[in-house]
Amino acid sequence: METVVSEPTEKVLGSLVDRKTAARLLGVSKMHITNLIDSGQLRAFDVAVTGSRYRQVRIPVCELKKFLSTRLLT
């Protein structure tokens, strides 16, 4: 299930981080971040140009905070 949204809203444009930064902030690997995105546990945006060969995934900082808060509460 692909949960990568193609167009970020203007509200989150200034607070997007890449997979490497998100992994560093959470203390996990980039592959784990990719797995969280692909499984729908972490919301992200694909900012790659249409027709691009690779995804350029960006994660809103607010989504990282939401993810952490749900993990800490369980």
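The values are calculated or read from the model by the stated rules, or taken from the named source; none is laboratory data. Computed from a predicted model, the values in this text were never measured in an experiment. All Cβ positions, glycine included, derive from the backbone under ideal geometry; neighbour counts span all protein chains shown.
Scan (1) at pLDDT below 90; (2) part of a loop (DSSP other than H, G, I, E, B) for the single condition Q41 breaks and write down its number. For Q41, the exception is condition (1). Given the condition at pLDDT 90 or above, surrounded by fewer than 15 Cβ atoms within 10 Å (Cβ to Cβ) and of a type in the set (V, I, T), answer yes or no: does some residue in the stretch 51-58 qualify? No.
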